[in-house]
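Read through the structure below, which is laid out as structure tokens, and then see the notes.
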């Protein structure tokens, strides 16, 4: 009987191994930049064509390699970074596995040019799909240059799953940004088809590097995390976090670096959110740039093929250390003012002695955030909790899953119910014969505007407001790229935006729904949505994301006082929508408390 187990051919084994390291063009750029940094480069240039699918070249002015080293570096598990098992316990370099170059060469055509420092002749190598084709002399140019052509040409299935050029290019930009943030003394330059996308200067100031990548406006929204050291953890942390109230709608501006290595870590992320606890509304996220220096023996960086995850020895203690460091920064910064405002607000809403109520305030427009931590009433014998403009009614109260389950009579025309007022300037109260209904005014108006904008866009009837003076907007490279590729989509929704040089644009008109809004911030919010959710690339998906943001920004805000007449008008419009009880994000718009529950709470039933 023949053996069922066979040894795979080298070509197939190399392609499988490459799949762990090379996921997309950005993976190639990351590995090559890692090598350039480890080689002591002071200048790194990244050039791409076809979003990296056709061509990538990374050039540095590091120490270079001898011919023997150049040939050996394409052998699997060949590296200058470690020599013994003990070295794995104290990794100080970015690349160390010895898999990157052979993996890249296995799925592309590679040309390497390098010259060892001080030598008069360099080396040039050509490798096609893992096979060395030539090794010859090259000019003695300091450093190393690696060209990668026709990525995944021999694996069409992998090539088929790559995203659009805009998406793949934005991933590369993100990789370059990560390295540029962690190594501010190195000058980074990135070009696409000759167009400059990133060009940073050398600096010892991390804040200057953040400004050069994301702009001065971003820097103005940050406050420092002053360096804090723990001798027991052998860990120090420093960096920058967003000021209270200047959070964002996505996680795109969250960076953690451990020993100058960009990582993603749930423990540290949770620690930051714990520090911001009670300071964030639902679906809002802090910005942070945290730089951790730790004894290499206290972490394991050999847990992921792409080295983007690490494992901490004292995970729980590090979590608390980071949380406390961020909290201390808030106290030194704007934390005192926020706490004062929250204290004043609680005093203004002191409950009667017979009722125990704590108010957890929702975010008020451009001022401070209000939260209601709990709302407990002995009389009703039930708990109502409001979190970020939503009620979750527990215990004996009716709780909908996705939409409020109303009687047929109520579903037919909710606008017949009588508005009697607001609570927390955020929720309308409707009184019926046998129940009370709460309507979230923001999500209700959001549903109205969302469907109205969809219909007008389909009929090409979006109302436009021309700006009295054009508005200039500067964007980071990634957002600039996304805007450039979506200018036609913006135009279909009433925006007139023109490119005005490198990463600069001019806004000449906006949809009328946003005429009283900050048009720059509206555009940025839409771009943040498109950047953070790049899975959808079809026209309908992109347009839907843009309309979602426009409806949210144009809707009545939480904390806005409405008259009884305005409430009635809003209800009538809501009942004319297709889904009047669910907002475009899937959250409930209406919640009901039956009269019987109230009577039961008073022991009258």
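The values are calculated or read from the model by the stated rules, or taken from the named source; none is laboratory data. Because the structure is predicted, anything quoted here is derived from the model rather than measured. Cβ atoms come from the backbone with ideal geometry, glycine included; neighbour counts cover every protein chain shown.
Tell me, which residue of the stretch 159-169 that is outside any loop (DSSP other than H, G, I, E, B) and in contact (Cβ under 8 Å) with a residue 40 or more places away in the chain is surrounded by the most Cβ atoms within 10 Å (Cβ to Cβ)? Please lay out each step first, then the result.
Restricting attention to the stretch 159-169, the residues satisfying the condition of being outside any loop (DSSP other than H, G, I, E, B) are 159-160, 165-169.
Filter once more, keeping what is in contact (Cβ under 8 Å) with a residue 40 or more places away in the chain: 159, 165-169.
Details: 159: 14, 165: 16, 166: 18, 167: 20, 168: 20, 169: 26.
Within the stretch 159-169, the match that is surrounded by the most Cβ atoms within 10 Å (Cβ to Cβ) is 169.
Looking at 561, 589, which one is more than 28 Å from residue 253 (Cβ to Cβ) and crowded, with 21+ Cβ neighbours inside 10 Å?
Values: 561 fails: crowded, with 21+ Cβ neighbours inside 10 Å.
On inspection, the qualifying residue turns out to be 589.
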- Test residue 406 against the criterion of being touching a helix residue (DSSP H, G or I) at 6+ places or on another chain (Cβ under 7 Å), surrounded by 14 or more Cβ atoms within 10 Å (Cβ to Cβ), at pLDDT below 80 and under 12 Å from residue 592 (Cβ atoms), and give yes or no. no
- Task: Tell me which of these residue 266 doesn't satisfy, since it passes every other one: (1) surrounded by fewer than 17 Cβ atoms within 10 Å (Cβ to Cβ); (2) touching a residue at least 24 places away in the same chain (Cβ under 8 Å).
- Result: (2)
- Task: Name every residue in the stretch 1-41 that is touching a strand residue (DSSP E or B) at 6+ places or on another chain (Cβ under 7 Å) and part of a loop (DSSP other than H, G, I, E, B), in order of residue number.
- Result: 39, 41
- Message: Residue under question is residue 69, and the condition is that it be surrounded by 14 or more Cβ atoms within 10 Å (Cβ to Cβ) and either touching a helix residue (DSSP H, G or I) at 6+ places or on another chain (Cβ under 8 Å) or without any contact (Cβ under 8 Å) to a residue 40 or more places away in the chain (or both); does it hold?
- Response: no
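Does the stretch 174-181 contain at least one residue that is assigned to a helix (DSSP H, G or I), under 27 Å from the mean Cα position of the chain (by Cα) and without any contact (Cβ under 8 Å) to a residue 12 or more places away in the chain?
Step one: list which residues in the stretch 174-181 are assigned to a helix (DSSP H, G or I), which gives 174-181.
Cutting the leftovers down to under 27 Å from the mean Cα position of the chain (by Cα) gives us 174-181.
Among the residues that remain, those that are also without any contact (Cβ under 8 Å) to a residue 12 or more places away in the chain are: none.
Looking through the stretch 174-181, none of the residues is assigned to a helix (DSSP H, G or I), under 27 Å from the mean Cα position of the chain (by Cα) and without any contact (Cβ under 8 Å) to a residue 12 or more places away in the chain.
For (1) assigned to a loop (DSSP other than H, G, I, E, B); (2) assigned by TED's automatic domain parsing to the domain that holds residue 34; (3) touching a residue at least 12 places away in the same chain (Cβ under 8 Å); (4) surrounded by fewer than 20 Cβ atoms within 10 Å (Cβ to Cβ), each residue gets a yes or a no:
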residue: 132; (1), (2), (3), (4): no, yes, yes, yes
residue: 141; (1), (2), (3), (4): yes, yes, yes, yes
residue: 148; (1), (2), (3), (4): no, yes, yes, no
residue: 154; (1), (2), (3), (4): yes, yes, yes, yes
residue: 157; (1), (2), (3), (4): no, yes, no, yes
residue: 171; (1), (2), (3), (4): no, yes, yes, no
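Considering only the stretch 128-136, I want to know if a residue exists there that is closer than 25 Å to residue 264 by Cα, in contact with a helix residue (DSSP H, G or I) (Cβ under 8 Å, 6 or more places away or on another chain) and modelled with pLDDT under 95.
Taking the stretch 128-136 as the starting set, the residues that turn out to be closer than 25 Å to residue 264 by Cα are none.
Taking every residue of the stretch 128-136 in turn, none turns out to be closer than 25 Å to residue 264 by Cα, in contact with a helix residue (DSSP H, G or I) (Cβ under 8 Å, 6 or more places away or on another chain) and modelled with pLDDT under 95.
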- Just for the stretch 449-478: of the residues that are under 30 Å from the mean Cα position of the chain (by Cα) and part of a loop (DSSP other than H, G, I, E, B), which one is nearest to residue 579 (Cα to Cα)? 462
- State all residues of the stretch 275-305 that are assigned to a loop (DSSP other than H, G, I, E, B), crowded, with 16+ Cβ neighbours inside 10 Å and within 23 Å of the chain's Cα centre (by Cα); if no residue qualifies, say none. 276, 279, 280, 281, 284, 286, 287, 305
- Go through the residues of the stretch 567-574 one by one and say whether even a single one is out of contact with any helix residue (DSSP H, G or I) (no Cβ under 8 Å at 6 or more places or on another chain) and surrounded by fewer than 20 Cβ atoms within 10 Å (Cβ to Cβ). yes
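Among the listed residues 558, 577, which satisfies the condition of being touching a strand residue (DSSP E or B) at 6+ places or on another chain (Cβ under 9 Å) and over 17 Å from residue 471 (Cα atoms)?
Numbers: 577 fails: touching a strand residue (DSSP E or B) at 6+ places or on another chain (Cβ under 9 Å).
Residue meeting the stated conditions: 558.
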- Quick one: how many residues across the stretch 253-274 are assigned to a loop (DSSP other than H, G, I, E, B) and over 19 Å from residue 89 (Cα atoms)? 3
- Query: modelled with pLDDT under 95, surrounded by 21 or more Cβ atoms within 10 Å (Cβ to Cβ) and more than 21 Å from residue 119 (Cα to Cα) - does that describe any residue in the stretch 54-65?
  - Reply: no
- Mind counting the residues in the stretch 182-205 that are over 19 Å from residue 502 (Cα atoms) and either touching a strand residue (DSSP E or B) at 6+ places or on another chain (Cβ under 7 Å) or without any contact (Cβ under 8 Å) to a residue 40 or more places away in the chain (or both)? 7
- How many residues, within the stretch 15-37, are crowded, with 19+ Cβ neighbours inside 10 Å and either over 26 Å from residue 131 (Cα atoms) or modelled with pLDDT under 80 (or both)? 3
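Hey, does the stretch 246-254 have a residue that's within 29 Å of residue 301 (Cα to Cα), without any contact (Cβ under 8 Å) to a residue 24 or more places away in the chain, touching a strand residue (DSSP E or B) at 6+ places or on another chain (Cβ under 8 Å) and not assigned by TED's automatic domain parsing to the domain that holds residue 180? If you could, list the steps in order and put the result at the bottom.
Initial filter on the stretch 246-254 (within 29 Å of residue 301 (Cα to Cα)): 250-254.
Next, from what is left, pick out any that are without any contact (Cβ under 8 Å) to a residue 24 or more places away in the chain: none.
No, the stretch 246-254 contains no residue that is within 29 Å of residue 301 (Cα to Cα), without any contact (Cβ under 8 Å) to a residue 24 or more places away in the chain, touching a strand residue (DSSP E or B) at 6+ places or on another chain (Cβ under 8 Å) and not assigned by TED's automatic domain parsing to the domain that holds residue 180.
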